[in-house]
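Beneath this line is the structure, given in structure tokens, with notes to follow.
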Amino acid sequence: MIKKCLFPAAGYGTRFLPATKAMPKEMLPVVNKPLIQYGVEEALDAGLNEISIVTGRGKRALEDHFDISYELENQIKGTDKEKYLVGIRRLLDECSFSYTRQTEMKGLGHAILTGRPLIGDEAFAVVLADDLCVNPTGDGVLTQMVELYNKHRCSIVAIQEVDPQETNKYGVIAGDKIDEDLFQVTNMVEKPKPEDAPSNLAIIGRYILTPDIFDIIAKTKPGKGGEIQITDALLEQARKGRVLAYKFKGERFDCGGAEGYIDATNYCFEHYYKTGKAY
Ligand code: G1P
């Protein structure tokens, strides 16, 4: 059973400056909830209630968010405003939260390796909170992936088809189709130019990783952008037939940039806020 979910959250959020100068990008609100809360809710819905967050300098608001605010709660006790905190209280009651700090930004692979002491020797999920994923007609993306993991017992990356001109923003896979929406990964490349991309199937910010990934990352040399890339480490597992790519059901919004963020805001306003499901 997978119980742990790792949130790499040390990045600077440069695409969202100046908003992210003093505030963690993971705390950007989509309507009334910070991005990271959507991610933790998705994890808990998938049965992952041990939340591990890799933070960095200037990220203390994350820890404060997943804590009780006595003054505030005392103030609104017994008023109709109490309902606003029902969702976050549920997360505090049902999840544990642990933190470690990444002191240098050396890439997503390095961030995941930094989380190793919090994860130990078990399979775990990774959520990049700026990819907000929703599935209005069924299970959340992590729930879908955990179900697949229980069947296949190997690493899994979530993928979606992207415009072939945009492959340079993503890890891109090549694979053999083994089931509807499921590929056995044969190759993966971090942010290839369109002409070098093995397909237009892009990895988005949801992973399930088997714990051998840590030793592999530790041996992985810096790749694209001089950073230690999780894509390169996963390629090692893929060469042994140990990585699946799953075209998930649902929608994903890239909230690291203005366009995806606005789309996510409009979506959540319509589907959650207006329907009274926002807390
Ligand atoms: C990271 C990964 C990339 C993946 C992307 C998904 O890139 O390195 O392989 O496709 O997340 O959001 P980043 O967006 O952090 O540059």
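Being away from the ligand (no atom under 13 Å from the Cβ), within 21 Å of the chain's Cα centre (by Cα), open to solvent by 50 Å² or more (accessible area, probe 1.4 Å) and within 30 Å of LYS21 (Cα to Cα), is that true of even one residue in the stretch 248-258? Yes - at least one qualifying residue is present in the stretch 248-258. The condition (being of a type outside the set (D, E, K, R) and either under 18 Å from the mean Cα position of the chain (by Cα) or within 14 Å of the ligand (Cβ to nearest atom) (or both)) is satisfied by just one residue among GLY175, GLY171, GLY138, GLY120: GLY171.
Limited to the stretch 194-227, what total is found for residues that are β-branched (Val, Ile, Thr), under 25 Å from GLU42 (Cβ atoms) and either away from the ligand (no atom under 12 Å from the Cβ) or open to solvent by 20 Å² or more (accessible area, probe 1.4 Å) (or both)?
Of the stretch 194-227, the ones β-branched (Val, Ile, Thr) are 203-204, 208, 210, 213, 216-217, 220.
The next check asks that each one be under 25 Å from GLU42 (Cβ atoms); those that pass are 203-204, 208, 210, 213, 217.
If we keep only those that are either away from the ligand (no atom under 12 Å from the Cβ) or open to solvent by 20 Å² or more (accessible area, probe 1.4 Å) (or both) too, we end up with 208, 210, 213, 217.
So the count comes out to 4.
In the stretch 64-117, how many residues are in contact with a strand residue (DSSP E or B) (Cβ under 6 Å, 6 or more places away or on another chain) and open to solvent by 70 Å² or more (accessible area, probe 1.4 Å)? Count: 1. For ASN32, the requirement of being away from the ligand (no atom under 16 Å from the Cβ), without any contact (Cβ under 8 Å) to a residue 60 or more places away in the chain and either touching a Ser or Thr at 6+ places or on another chain (Cβ under 8 Å) or on the phi < 0 side of the Ramachandran plot (or both) is not met.
Of all residues in the stretch 80-114, those that are at pLDDT below 95, more than 16 Å from the ligand (Cβ to nearest atom) and outside any helix (DSSP H, G or I) total 1.
Do you know which of the residues in the stretch 16-31 that are in contact with a helix residue (DSSP H, G or I) (Cβ under 7 Å, 6 or more places away or on another chain) and assigned to a loop (DSSP other than H, G, I, E, B) is surrounded by the most Cβ atoms within 10 Å (Cβ to Cβ)? Working first, answer last.
The first filter runs over the stretch 16-31 and keeps only residues in contact with a helix residue (DSSP H, G or I) (Cβ under 7 Å, 6 or more places away or on another chain), leaving 16, 23-28, 30-31.
Next cut, assigned to a loop (DSSP other than H, G, I, E, B) only: 23-24, 28, 31.
Details: MET23: 16, PRO24: 24, LEU28: 21, VAL31: 15.
So the residue we want is PRO24.
The residues in the stretch 145-193 that are among the polar types (S, T, N, Q) and open to solvent by less than 20 Å² (accessible area, probe 1.4 Å) can be counted, and the count is 2.
The one condition from (1) in contact (Cβ under 8 Å) with a residue 60 or more places away in the chain; (2) touching an Asp or Glu at 6+ places or on another chain (Cβ under 9 Å); (3) buried (at least 18 other Cβ atoms within 10 Å of the Cβ); (4) under 26 Å from VAL86 (Cα atoms) that GLY13 does not meet is (4).
The values are calculated or read from the model by the stated rules, or taken from the named source; none is laboratory data. Computed from a prediction, not measured in an experiment: that's the story for all the values here. Neighbour counts run over all protein chains shown; Cβ positions are idealised from the backbone, glycine included. When the accessible area is computed, the model is the full protein with side chains, heavy atoms only, and any ligands, DNA or RNA have been set aside. Shrake-Rupley method; radii C 1.70, N 1.55, O 1.52, S 1.80 Å.
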